[in-house]
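Some notes on the structure that comes next.
Derivation of every value follows stated rules applied to the coordinates shown; laboratory data play no part. Just so you know, these numbers come straight off a predicted model, no measurement behind them. Cβ atoms come from the backbone with ideal geometry, glycine included; neighbour counts cover every protein chain shown.
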Amino acid sequence: MKLIVGLGNPGKKYEKTRHNIGYRVIDAISEKVKIDVDKKDFKGLFAKFLYNNEEVILFKPTTYMNLSGEAVVQIKNFYKIENEDILIVYDDMALSTGQIRLRTGGSSGGQKGMQNIIDLTGNNEIKRLRIGIGQPQFNSVEHVLNKPTKEEEKLLEIAIEEAKNAIFHALDFGFEKAMSKFNTKQCKEKEEVIKPE
């Protein structure tokens, strides 16, 4: 059994904010496999589907970002999911807008949702897929809780599609293969998007 977790904040107010990119990746996956992530439990919303004869759980914690670990630990313990079968998807200010990076472990890089997951599982060897939202100009809290500009949104839409493809590639061929393919991939579409007219 695999657990794919997208981090974000619940409620209309936060829907299209930079901090909710993890939720949007989960929505993109659920759309592809034609399921609704609407079952309420474990302090979140979840759905299950079968892929390559393995059960996959999509999960959106609704604890608010900083307490994401509480929800992840609950669902992980209930389904007895090993740390190596968990993937966390979240936004990262250290990456340029729209850039994606897959890693098998490491620090949270200051992302509070990921840090809470590391703290409560007692393990930083948890796979993650980070999506760049760029550096804040002024206040980092305002940056993550605000909506991206039109130009940024175009880049993020491409990144969501890439992230979805990377996750299915990992399910098909393993996480290491997905890392080597998607961490080095140069997206020409991005260059087109940010070209001045």
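Only Cα pairs under 8 Å and 6+ residues apart enter the sum, and on that basis the relative contact order of region 1-40 stands at 34 percent. Between ASN139 and LYS40, the contour length at 0.36 nm per residue exceeds the alpha carbon distance by 32.3 nm.
If only the Cβ of Lys and Arg carry +1 and only the Cβ of Asp and Glu carry -1, the dipole of the chain around its Cα centre is close to 160 debye. Measuring between their Cα centroids, region 120-151 and region 16-80 lie 18 Å from each other.
Rg to Rh ratio, the chain, alpha-carbon atoms and Kirkwood radius?
So for the chain, dividing Rg by the Kirkwood Rh gives 0.94.
For region 2-194, what's the relative contact order in percent, using C-alpha pairs closer than 8 Å and at least 6 residues apart?
24 percent
Is any helix in the chain, taking whole DSSP H runs, at least 27 angstrom long along its axis by alpha carbon and on average at least -1.0 on the Kyte-Doolittle scale, and which ones?
Long hydrophobic helices here: 150-173.
Annotation: the antiparallel percentage among DSSP beta bridges lying fully within region 2-194 is about 50. Stretching GLU82 away from VAL33 to a fully extended chain increases their span by 15.3 nm, per 0.36 nm per residue minus the current alpha-carbon distance.
Comparing THR17, LEU102, VAL89 along the charge dipole axis of region 2-194, the residue lying farthest to the positive side is THR17, per the Cβ-charge model. Taken over the Cα atoms of region 1-55, the convex hull encloses 85 Å³ per residue. Ranked by the mean number of other Cβ atoms within 10 Å per residue, highest first, peptides 56-68, 167-179, 133-145 order as 56-68, 167-179, 133-145. Here the spin labels are modelled as points 7 Å beyond Cα on the Cα-Cβ line, and at ASN124 and ARG103 they lie 0.8 nm apart.
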